[in-house]
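Structure record follows, encoded as structure tokens.
The values are calculated or read from the model by the stated rules, or taken from the named source; none is laboratory data. Computed from a predicted structure; not experimentally measured. Using ideal geometry, Cβ is built from the backbone for each residue, glycine included, and neighbour counts are taken over all protein chains shown.
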Amino acid sequence: MRDDLRTPEERAIPKLCGADIELSNCELTADQPGGTGFEASRRLLAQIDGFPERQRGLFDDSWPKASAAHYTDNKYGATCPAAEASAYNPQDVSRRFLAGNSSSCYIDLDHLEICTPEVRSAHDSVAACHAMLRVARAALKQANALRPQRRIRVLANNSDGLGNSYGSHVSFLISAHAYANILHRKPHYMQFLASFQIASIVLTGQGKVGAENGRPAVPYQISQRADFFEIMQGLQTTFNRPIVNSRDEALCGPWSAADWSTPARLHVIFFDNSLAHGSMLFRTGLMQLMLTLIELECVNPRLILDNPLKALLDYSHDATLQAAAPLIGGDEVTAVELQCAYLEEVKRQAAQGVFDGVVPRAGEIIALWEDTLNKLINRDLTSLAPRLDWIQKLMAIERAMDAHPTLDWNSPETKLIDHLYSSLDDDGVYFAYEASGFSERLVSDEEIEYFLNNPPVDTRAWTRAMLLRRAAAEGIGIDTVDWDRITFRMRGRSGWPVYRTVYLSDPLAFTQASAGPLFAAAANFDQLLDGLESLAADGAGATNLNTIHGTQKGTHYAFS
Amino acid sequence: MRFLDGFNHAQQNSPGSSGEPGSSERLNEARSEGDRMLAAADEVIRRALGSGNSQAFLRAGRQQSGQ
């Protein structure tokens with residue numbers, strides 16, 4: 001059925017999500033004018049094995065050095081003559097997929113970027129993100145062991161304190177109808193979403209010492225990224241950054257204009273990198289809830305900020321949580337008050353069961369959200385430090401100031417502590433808190449370890465990992481890999497190579513339950529690919545696609 | 001300027017945070033346990049601050065502007 005012909009109640013689809021963590025990386029012993037990200041990112045990626053294996057040399061000097069100014073968003077429509085001429089994309093260098101957990105790692109503008117596989121639940125997203133941080137930590141240790149004289153530092157933050165920002169993106173599967181409403185049809189939907197995100201920094205922010213990008217000076221602010229957002233909506237991600245990014249790249253197989261049932265991917269560049277489980281869970285879990293409201297067209301226009309970009313700065317620059325910003329109706333609200341209003345909207349819908357089958361463990365997420373907001377209202381920050389990054393970091397800095405009375409907010413040492421909070425090395429403050437038991441754990445070590453070595457079983461990520469493992473075991477060449485397709489290089493009857501591409505178009509399909517029997521039964525690799533193509537063609541790969549008001553509904557997505 | 005001092009002061013004076021039997025003892029125990037756990041990070045920070053030139057560290061950390 002055409003997605004635009006469905007009733008709103010039929011449009012909610014499971015909010016599958018993924019996260020991309022762009023890391024700060026440098027060589028500590030080198031002080032080059034342009035930084036050492038080129039060398040550090042390549043030394044780190046060289047320690048991470050993945051597929052395809054045949055790739056251009058990581059340290060090939062003929063590669064131009066990355067430049068956001070010259071290569072910005074070339075893949076997505078912006079003019080980029082140099083990149084077109086060389087077919088070099090500095091935003092996607094040496095991408096490799098890991099057969100262990102179906103994740104992906106690559107270099108994006110001289111940053112090591114680690115990407116979780118597609119997961120269905122926010123709790124799984126937390127476990128998968130921390131699993132990927134362990135991948136990066138292991139790579140860091142190995143790279144430093146190989147060249148201890150040029151020690152690398154890696155930070156999971158979003159700005160270098162020198163005016164350069166880098167992202168932490170989360171992506172969500174949403175209906176094409178909802179995507180079009182947000183970005184093309186109903187501007188107030190975009191404003192509703194943006195206003196939610198802006199107020200959410202009190203839950204998701206990592207905290208930062210000082211201000212950047214020409215913003216007014218401030219001792220400490222709630223968000224790492226707030227200083228860098230300059231417009232409401234746009235395609236670009238590296239300059240003039242938009243709160244709502246319009247990158248329209250579904251990663252759901254070949255695109256067809258005639259097919260309205262293909263879901264979309266909302267690419268969210270707004271949030272900070274997070275480490276604390278609570279901040280991390282809110283980043284994905286609350287977005288799952290909000291996007292479900294938007295899919296169901298339960299949008300309350302009274303919750304829209306009148307001047308969102310100013311509100312973002314005002315909220316972020318006031319760590320006392322007193323700053324108020326006007327809504328379009330004229331009422332002035334603090335970020336916490338606005339979050340409380342959104343919570344009430346969600347609770348009202350939750351009582352109707354709209355999140356059942358769409359947002360796993362929605363009740364737990366809502367309860368944690370409410371508990372956190374109540375503590376913020378009661379100004380009980382002490383008990384929230386283990387849950388929220390910006391408060392945990394603030395506590396670390398203020399304790400250091402108490403211990404070292406010469407430190408103030410302008411001291412370079414204070415900024416250093418800000419950075420070290422997210423260090424993935426042994427000097428990491430967050431990881432010290434985690435090891436001591438101070439940080440609140442919402443997923444267990446066992447769950448993180450699981451996602452370090454295994455793919456999620458309930459998305460296409462499972463089949464991607466199994467295909468990579470089986471091809472490697474059977475000596476089948478893996479030519480190219482992307483989220484929604486893999487091309488294999490097989491030996492033809494004549495001896496010449498034969499290329500065969502399998503599409504994993506539906507992110508919710510090709511699960512262990514649906515594809516597992518094919519792997520068990522296939523006598524050879526060709527048979528396995530035949531089976532997966534049949535699974536795609538008859539839509540049987542799709543499972544548990546739609547549960548609305550407790551009723552299971554199978555939704556057919558487009559397969560190539 | 002300390003941000004958390006203001007919050008903690010406000011919290012201590014907020015309704016419901018005092019007057020309940022045993023609440024101050026529980027609060028003190030929690031604070032003591034929290035301090036013990038926080039000390040691990042204090043040590044990490046102490047070592048970092050004592051190990052070198054912070055300004056050089058910050059300069060070396062210059063990044064390419066990313067996404």
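Taking segment A:373-389 as the search range and keeping residues that are more than 10 Å from chain B (Cβ to nearest Cβ) and within 13 Å of A:Ala276 (Cβ to Cβ), which one is surrounded by the most Cβ atoms within 10 Å (Cβ to Cβ)?
Of the residues in segment A:373-389, the ones more than 10 Å from chain B (Cβ to nearest Cβ) are A:373-374, A:387-389.
Checking the rest, the ones that are also within 13 Å of A:Ala276 (Cβ to Cβ) come to A:387-389.
Numbers: A:Arg387: 22, A:Leu388: 28, A:Asp389: 30.
For segment A:373-389, the residue satisfying everything is A:Asp389.
Can you find a residue in segment A:258-269 that is within 14 Å of chain B (Cβ to nearest Cβ), touching a strand residue (DSSP E or B) at 6+ places or on another chain (Cβ under 7 Å) and not in a strand (DSSP E or B)?
Pass one, segment A:258-269, residues within 14 Å of chain B (Cβ to nearest Cβ): A:267-269.
Filter once more, so that each one left must be touching a strand residue (DSSP E or B) at 6+ places or on another chain (Cβ under 7 Å): A:267-269.
From the residues that got through so far, the ones that are not in a strand (DSSP E or B) too are A:269.
Yes, the conditions are met somewhere in segment A:258-269.
Going by the conditions given, is A:Val170 in contact with a helix residue (DSSP H, G or I) (Cβ under 8 Å, 6 or more places away or on another chain), closer than 28 Å to A:Arg361 by Cα and either modelled with pLDDT of 95 or more or more than 11 Å from chain B (Cβ to nearest Cβ) (or both)?
Numbers: in contact with a helix residue (DSSP H, G or I) (Cβ under 8 Å, 6 or more places away or on another chain): yes; closer than 28 Å to A:Arg361 by Cα: yes; either modelled with pLDDT of 95 or more or more than 11 Å from chain B (Cβ to nearest Cβ) (or both): yes.
Yes, satisfied.
Those residues that are loosely packed, with under 15 Cβ neighbours inside 10 Å, among the aliphatic types (A, V, I, L, M) and either outside any helix (DSSP H, G or I) or at the interface with another protein chain (Cβ under 7 Å from one of its Cβ atoms) (or both), I need them from segment B:17-67; list them, please.
Result: B:Ala56, single match.
Going by what's in this entry, would A:Thr501 be described as over 30 Å from A:Thr382 (Cβ atoms), surrounded by 15 or more Cβ atoms within 10 Å (Cβ to Cβ) and out of contact with any Asp or Glu (no Cβ under 8 Å at 6 or more places or on another chain)?
Values: over 30 Å from A:Thr382 (Cβ atoms): yes; surrounded by 15 or more Cβ atoms within 10 Å (Cβ to Cβ): no; out of contact with any Asp or Glu (no Cβ under 8 Å at 6 or more places or on another chain): yes.
So A:Thr501 does not fit the description; no.
Identify, by number, the condition in (1) crowded, with 17+ Cβ neighbours inside 10 Å; (2) more than 14 Å from chain B (Cβ to nearest Cβ); (3) not aliphatic (A, V, I, L, M) that A:Gly428 doesn't meet.
With (1) crowded, with 17+ Cβ neighbours inside 10 Å; (2) more than 14 Å from chain B (Cβ to nearest Cβ); (3) not aliphatic (A, V, I, L, M) applied to A:Gly428, the lone miss is (2).
Hey, can you tell me all the residues within segment A:431-445 that are among the aliphatic types (A, V, I, L, M) and within 10 Å of chain B (Cβ to nearest Cβ)? Explain how you work it out, then say what you get.
Step one: filter segment A:431-445 for residues among the aliphatic types (A, V, I, L, M), giving A:432, A:435, A:442-443.
Correct list: A:Ala432, A:Ala435.
Let me confirm something: among A:Glu398, A:Glu337, A:Glu345, A:Glu370, which residue is within 14 Å of chain B (Cβ to nearest Cβ) and either under 30 Å from A:Asp458 (Cα atoms) or not hydroxyl-bearing (Ser, Thr, Tyr) (or both)?
Values: A:Glu337 fails: within 14 Å of chain B (Cβ to nearest Cβ); A:Glu345 fails: within 14 Å of chain B (Cβ to nearest Cβ); A:Glu370 fails: within 14 Å of chain B (Cβ to nearest Cβ).
The match here is A:Glu398.
Take A:Asp160 and tell me if it is within 14 Å of chain B (Cβ to nearest Cβ), of a type in the set (Asp, Glu) and under 20 Å from A:Asp318 (Cα atoms).
On the way: within 14 Å of chain B (Cβ to nearest Cβ): yes; of a type in the set (Asp, Glu): yes; under 20 Å from A:Asp318 (Cα atoms): no.
No; evaluated as a whole, the condition is false for this residue.
Using the structure shown, decide if A:Thr459 is surrounded by fewer than 17 Cβ atoms within 10 Å (Cβ to Cβ), touching a residue at least 24 places away in the same chain (Cβ under 8 Å) and among the polar types (S, T, N, Q).
Working: surrounded by fewer than 17 Cβ atoms within 10 Å (Cβ to Cβ): no; touching a residue at least 24 places away in the same chain (Cβ under 8 Å): yes; among the polar types (S, T, N, Q): yes.
Answer is no for this residue.
Go through (1) buried (at least 22 other Cβ atoms within 10 Å of the Cβ); (2) within 14 Å of chain B (Cβ to nearest Cβ); (3) more than 17 Å from the chain's Cα centre (by Cα) and name the single condition A:Arg151 misses.
With (1) buried (at least 22 other Cβ atoms within 10 Å of the Cβ); (2) within 14 Å of chain B (Cβ to nearest Cβ); (3) more than 17 Å from the chain's Cα centre (by Cα) applied to A:Arg151, the lone miss is (1).
Could you tell me whether A:Ala472 is in the same structural domain as A:Asp530 (by TED's automatic domain parsing) and over 23 Å from the mean Cα position of the chain (by Cα)?
Details: in the same structural domain as A:Asp530 (by TED's automatic domain parsing): yes; over 23 Å from the mean Cα position of the chain (by Cα): yes.
Against the criterion (in the same structural domain as A:Asp530 (by TED's automatic domain parsing) and over 23 Å from the mean Cα position of the chain (by Cα)), A:Ala472 qualifies.
If you scan segment A:30-51, which residues turn out to be among the polar types (S, T, N, Q) and over 14 Å from A:Ser94 (Cα atoms)?
Going through segment A:30-51, the residues among the polar types (S, T, N, Q) turn out to be A:32, A:36, A:41, A:47.
Listed by number, the residues that qualify are A:Gln32, A:Thr36.
Just checking, which of A:His404, A:His419 is within 10 Å of another protein chain (Cβ to nearest Cβ) and surrounded by fewer than 19 Cβ atoms within 10 Å (Cβ to Cβ)? Full working, then the answer.
Working: A:His419 fails: surrounded by fewer than 19 Cβ atoms within 10 Å (Cβ to Cβ).
Selected residue: A:His404, the only one of A:His404, A:His419 that is within 10 Å of another protein chain (Cβ to nearest Cβ) and surrounded by fewer than 19 Cβ atoms within 10 Å (Cβ to Cβ).
Consider segment A:109-152. How many of its residues are basic (Lys, Arg) and closer than 22 Å to A:Thr511 by Cα? First the steps, then the outcome.
Quick first cut of segment A:109-152, residues basic (Lys, Arg) only: A:120, A:134, A:137, A:141, A:147, A:150-151.
In the following step, the residues that additionally are closer than 22 Å to A:Thr511 by Cα were identified as A:120.
Qualifying residue count, segment A:109-152: 1.
Of the residues A:Ala131, A:Ala211, A:Ala178, which is touching a strand residue (DSSP E or B) at 6+ places or on another chain (Cβ under 9 Å) and crowded, with 24+ Cβ neighbours inside 10 Å?
Sole residue among the options that is touching a strand residue (DSSP E or B) at 6+ places or on another chain (Cβ under 9 Å) and crowded, with 24+ Cβ neighbours inside 10 Å: A:Ala178.
Being charged (D, E, K, R) and either under 22 Å from the mean Cα position of the chain (by Cα) or part of a helix (DSSP H, G or I) (or both) is the filter here; which residues of segment A:329-384 pass it? Reasoning before the result, please.
Step one: filter segment A:329-384 for residues charged (D, E, K, R), giving A:331-332, A:337, A:344-345, A:347-348, A:356, A:361, A:364, A:370-371, A:375, A:379-380.
Those that are charged (D, E, K, R) and either under 22 Å from the mean Cα position of the chain (by Cα) or part of a helix (DSSP H, G or I) (or both): A:Glu337, A:Glu344, A:Glu345, A:Lys347, A:Arg348, A:Arg361, A:Glu364, A:Glu370, A:Asp371, A:Lys375.
Those residues that are touching a residue at least 60 places away in the same chain (Cβ under 8 Å) and farther than 21 Å from A:Ala341 by Cα, I need them from segment A:368-402; list them, please.
A:Pro386, A:Arg387, A:Asp389, A:Trp390, A:Ile391, A:Gln392, A:Lys393, A:Leu394, A:Ile397 - these are the residues of segment A:368-402 that are touching a residue at least 60 places away in the same chain (Cβ under 8 Å) and farther than 21 Å from A:Ala341 by Cα.
Looking at A:Phe228, A:Phe239, which is the one that is within 23 Å of A:Asp108 (Cβ to Cβ), within 11 Å of chain B (Cβ to nearest Cβ) and crowded, with 20+ Cβ neighbours inside 10 Å?
Selected residue: A:Phe228, the only one of A:Phe228, A:Phe239 that is within 23 Å of A:Asp108 (Cβ to Cβ), within 11 Å of chain B (Cβ to nearest Cβ) and crowded, with 20+ Cβ neighbours inside 10 Å.
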